[in-house]
Protein chains: 2
Amino acid sequence: MASSFGAVKRLIFGRPLPSDRLDHERLSKKTALAVLSSDAISSVAYATEQTLLVLAVLGTAALSYVVPISAIIVGLLVLVVLSYRQTIFAYPGGGGSYTVAKDNLGTTPGLVAAAALLTDYILTVSVSISSGVAAITSAYPALAAHTVGICIAAVALLAVVNLRGVRESGAAFSVPTYVFIVMMVVLIGVGLYNLGTGAPVQVVQPVARPVPGWAGLALTFLLLRGFAEGCVAMTGTEAISNGVGAFKSPGSKNAAITLAWMAAILAAFFLGTSVLARHYTIMPTSTETVLSQLGRRVFGQGAAYYLLQYSTFAILVLAANTAFADFPRLSSILARDGYMPRQFMARGDRLAFSNGIIALAVVAALLIVLFHGETSALIPLYAIGVFVCFTLSQAGMVAHWLRLRDPGWQRRALLNGLGAIATALVSIVQIVTKFTHGAWIVTLIIPLIIVVLRRIHRHYENFAREVSYTGQSPLMFLHHTVVVPVNGITKPAAGALVYATTISEDVRAVYVAVDPEVSERLRHRWEEWDIGVALTVLESPYRSIMRPLVTYVNDLVERGHADLVTIVVPEIVPRSWSGHLLHNKTALFIRTAFLFRPNVVVTTVPYLIGRSARVRDGATREDPIAEPAELTAKA
Amino acid sequence: MASSFGAVKRLIFGRPLPSDRLDHERLSKKTALAVLSSDAISSVAYATEQTLLVLAVLGTAALSYVVPISAIIVGLLVLVVLSYRQTIFAYPGGGGSYTVAKDNLGTTPGLVAAAALLTDYILTVSVSISSGVAAITSAYPALAAHTVGICIAAVALLAVVNLRGVRESGAAFSVPTYVFIVMMVVLIGVGLYNLGTGAPVQVVQPVARPVPGWAGLALTFLLLRGFAEGCVAMTGTEAISNGVGAFKSPGSKNAAITLAWMAAILAAFFLGTSVLARHYTIMPTSTETVLSQLGRRVFGQGAAYYLLQYSTFAILVLAANTAFADFPRLSSILARDGYMPRQFMARGDRLAFSNGIIALAVVAALLIVLFHGETSALIPLYAIGVFVCFTLSQAGMVAHWLRLRDPGWQRRALLNGLGAIATALVSIVQIVTKFTHGAWIVTLIIPLIIVVLRRIHRHYENFAREVSYTGQSPLMFLHHTVVVPVNGITKPAAGALVYATTISEDVRAVYVAVDPEVSERLRHRWEEWDIGVALTVLESPYRSIMRPLVTYVNDLVERGHADLVTIVVPEIVPRSWSGHLLHNKTALFIRTAFLFRPNVVVTTVPYLIGRSARVRDGATREDPIAEPAELTAKA
């Protein structure tokens, strides 16, 4: 079994880990900040840019709106983070929106949250990777032609790292996050200093409002859409509360501290980026990101600029990695609850949920291919699911407090209620303002996922009901007849007969006669052979092997000669693929023919060409099936 | 089993025929001439043209060579036909080149003949069909763009007709052959009459020899190549002697008469076409065949011309049909001798060798696609194999007469010997003159086929030696342990246990524990269940289901607890394809894991979701496997 495939697998994915190491695979606060906050913090790479992209129709007047909009989003962020802090303490086992919504609001809200989360995890990977690659192609425009290829390679790398297991992925990825944080601090610091000292910065004053052609309702709608797109900065905020279970003890306290740090860093970076973009008069282009333009203006085309771009790429890859931790975990919870296929429930050799990781990588890569790796095409699909989850999760918490009524429940319920109302409003703004820009896809897919989850659940429920068994004693006497189709006196046939006589006293060898001459010869040889098993010759006027056999077995059962029939088929197993072309697939045909027939079991007794194939090194016993000839001497 | 697939199959291929109708499917002389001579006679559609194509570099001077070359070929034809006449009487069962060469010269010459015949049958289909379609596109140039498509459709039609059985194909195809014969007689008659009366024919005198740039060795080589290409007229001559077995009694006499008729018709048509082409100064073009040009000149653009073209197409389709009769027959003989896969040996529902027919159609269609349906590109590959077979067949007959020494054997041996020498020389001329024009492909493929035939033979020989069994009594006492992997107390598990206790007294239910909590619960329930079968819980620290099971079973065998172990696996059979995604393929994994292990048999007990699936209408017995719950009441 130790094949070369196994060796390659170990090289790439590492040695199997025993289940009792599961508890050791937990994250310290510092590592958790790198692994679980990267999604939120990395949003600064595209959030400001998305708002500017929407407002670009206003010309540089857009710049006068970007800072107020960013400030509103930061306010919303603070509200949501305070709200989630309560969830962390209420659900120390990892309070994902699915769990909170399902426990407190019921199954349907839970499934809405689950569907929204699943789509958002997928989009986190697609958006983060394509945005990360945009950071690279901003620095090296020649690579732009290979965008999709680089994206796919990055997704594949993430999948492999995650299949190795969660702790190693944390350790491997901590450094780049901190480099990004340092680079952003330096960028914003130097940028603001330059602005303050009036150093070599060319500050352009935005043109005055109102912009021609944009006023009243149209302008309001445009600004709302800019706000909706900017809200993408808040994606990933829920990662820490979903992942409380991955923290070292005390989980809740560590998670809450990490959440606070994350929020502070995100708010500072997002606001800082927007302020700098406004004062450096930076507008988005199709070939270079806003952050790259900022870096170039603040640092010049030097090492610091390239380090900023590399670390932007690195933290966005980490952001995608968050989804690689959360998607499989949610899938396994859904599978445990019977809403996703059971295959998502099992941990693989390395304690990671292998099937979830693979499924996520495949779907995210597909999205990247479909949208040609363009961040701005993918982003309108994003954030909707996140805000739906925010809403459901916080509404769930309100129900939670109303039910528990702990000391101070009123204050907590009020905070979560405020958060729920605010994020519900933002959800509606998201759907309405971005609907024609791709949001319609998400509003179709989320209900579709809910339908699929429900159908899977119904299948498992029906299955469980169907297979449930309350009878007491399945042991009973059955008249058991064994039919052995033979085509001559050969070792495979003899092996099958050895097996047949071992499992029943009523054994019938059956030969389907196509050529009367050949069958007469066999009948004669069989009599000489004289092994105590009678040979039945079935005539086949139409030369079919199957039809007479099926009729014979059906008759046995229907005429009451047998309660149960086993067909023992000698199956030739060739050593090479070409051998398969040279032997009829009779065993397979017989199995298929009787698959849907009651009272019939088909057993194939494999006969491997080349006797050594079934005799292992150091085997101490002979194989009565593969080597019936040797048994004759013993008998 | 009476599915809609079966209904469609019957509609296209007809109802199954019983084996005893085999003898009735034989051909009268008239039908045989249509079915078996069409290959030879139809050669006039391209033989003259091929010679002219080669000689075209000489300009119209080519025309002065075409009649002498044709006359030499007709002389060769007469010699070969007289030689084959002797074969027909010596081998009344159907003396194909393979049989004659193998019986008289040994295995290797036999296999050379077989390989040459197989390639030639394939080329007969490709060349005849593409030439037949050229007759149509000559009449309707607009169809030329669809050449390949029409060719493939024709091949598919032939395959279907032949899968229906040999007599019906004869009956369906007699009429067009005779129409072609009539049209050719009229064409040559009217053409010669016009020439004699000096009617509206514009006869151009070919320019005088020598042609500039072509003299001596170069001219000789060119003329030899022209001769070699013209020899394609003789392809198909062997069809009648191969097919003696398909004639009505007395087979040999009827076949000999048909052969004589065939030779006379072929000789007259071939010479006639060449004479007319010479005197009407017709040179080949890439858009119209020589025969079409002749028809247009002799008949004008009227109904007679179109009838000639249609019947040319029809007889060429019949020629391809000859190969559809012979290729499967030769394949079945080779399969019977162990040189081709056994699947070629069996006759299908309609008494035709279905697999041979399908294989021929696929390979011939492939060749047509590769060569874009161009006759002149395919023809250089053709005829080589035919002449190799002529040579081997007649050399074999010489050996035959030398061995038998019947009265008159000297005369017969001399005739066959002359034939063998002449065709051997032509074979060499074929290979040498056409080598760079595609003949090299055939000289590679024939040895390759021989290697494959030999390897297949070696496989079957080794297999027969390996499975041969001379032991007397395979019946013996074996300690038989049955292992039933269960994952809970369910109907599938209970069904498997019913089966297990039926086939052995030593039954062990085995549960692989991944989660200690769940396994403790099952252990407890199992004790309560109390069915008399103990539950063994196997720990799985690495969460693998397979590894602990494999170790457990190996231990059973190696520690001598069991001579033989059967693993009875309850297998969930879902009703829909989506169901397969929702259930683990444990049964398949277990079967695969133990396929190469001695002393172990894996039996899957199918459990079909939806009980009605395994309960047929009107079934009088309950299924103890599918419905163990009901048995409790009975027990």
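Side notes on the structure shown:
- Normalised by residue number, the volume inside the convex hull of the Cα atoms of region A:248-305 is 117 Å³ per residue.
- Counting only alpha carbon atoms, the long axis of helix B:216-230 and the longest principal axis of chain B meet at about 60°.
- Dimensionless Rg/Rh of region B:379-422 - Kirkwood Rh, Rg from C-alpha atoms: 1.13
- Positive dipole terminus of the protein assembly as shown, leading residue within B:Leu378, B:Gly75, B:Thr220 (C-beta point charges): B:Thr220
- Classified by the C-alpha gyration tensor, the protein assembly as shown has an oblate form. Its axis ratio a/c, with a ≥ b ≥ c, is 1.5 or above, and a/b does not exceed b/c.
- Position A:Leu143, label points 7 Å along Cα→Cβ, spacing to each other copy in nm (shortest first, one decimal): 5.9
- Distances from A:Arg455 to itself in the other copies, using label points 7 Å out along the Cα-Cβ axis, amount to 4.6 nm in increasing order.
- Cβ neighbours within 10 Å from other chains - mean over A:572-585: 3
- Database remark: amide H of B:Glu571 closer than 5 angstrom to the amide H of B:Val605, B:Tyr607 (H placed geometrically; neighbours at sequence offset of 5 or more, or on other chains; Pro and chain starts carry no H).
- Column: log10 I(q)/I(0), Debye, Cα scatterers of chain B, q = 0.06 Å⁻¹: -0.49
- Residue mean of other protein chain beta carbons inside 10 Å, B:561-568: 3
- Mean shadow area of region B:249-386, taken as a quarter of the surface of its Cα convex hull (nm²): 11.7 nm²
- Residues in region A:500-510 carry Karplus couplings, in order, of 4, 6, 6, 9, 7, 8, 9, 10, 10, 7, 10 Hz; the curve used is 6.51 cos²θ - 1.76 cosθ + 1.60 with θ = phi - 60°, and Gly or Pro positions show x.
- A simple packing score, the average count of other Cβ atoms within 10 Å per residue, orders the peptides A:147-154, B:327-334, A:554-561, B:507-514 as B:327-334, B:507-514, A:147-154, A:554-561, with the highest score first.
- Computed from backbone phi with θ = phi - 60° and the Karplus coefficients 6.51, -1.76 and 1.60, the 3J(HN,Hα) list for region A:107-115 is 5, 4, x, x, 5, 4, 4, 4, 5 Hz; x is used for glycine and proline.
- Nonlocal Lys pairs with alpha-carbon distance under 19 Å, chain A (8 or more apart, or different chains): 6
- Cα-based helix-to-principal-axis angle, B:439-467 vs chain B, degrees rounded to 10: 30 degrees
- Residue ranges B:224-230, B:535-541 sort as B:224-230, B:535-541 when ordered by packing (mean number of other C-beta atoms within 10 Å per residue, highest first).
- Between this copy and the others, label points of B:Gly302 are 10.0 nm apart in ascending order, each placed 7 angstrom from Cα in the Cβ direction.
- Packing rank of A:383-392, B:371-380, where each peptide gets the mean count of other beta carbons within 10 Å, highest leading: A:383-392, B:371-380
- Average Cα contact separation per residue, chain B, under 8 Å, 6 or more apart, as relative contact order %: 20 percent
- Centroid-to-centroid separation of region B:536-588 and region B:355-396 [C-alpha atoms, Å]: 52 Å
- FRET efficiency, B:Ser286 to B:Val78 (Cβ-Cβ, R0 35 Å, nearest 0.05): 0.55
- Distant-in-sequence amide contacts of A:Arg26, defined by a placed amide H-H separation under 5 Å and a gap of 5 or more residues or a different chain, comprise nothing.
- Average beta carbon contacts from partner chains per residue of B:464-470, 10 Å cutoff: 6
- A cut-off of 5 Å between modelled amide H atoms, ignoring neighbours fewer than 5 places along the same chain, links B:Val483 with B:Arg508, B:Thr566, B:Ile567, B:Val568.
- Sequence-ordered 3J(HN,Hα) estimates for region A:144-158 from the Karplus curve with 6.51, -1.76 and 1.60 and θ = phi - 60° stand at 4, 5, 9, 3, 4, x, 5, 4, 4, 4, 5, 4, 4, 4, 4 Hz, glycine and proline given as x.
Every number here is computed from the coordinates shown, using simple stated rules; none is lab data. Predicted model only: the values in this text are computed from it and were never measured. Ideal geometry is used to build each Cβ from the backbone, glycine not excepted, and the neighbour counts take in all protein chains shown.
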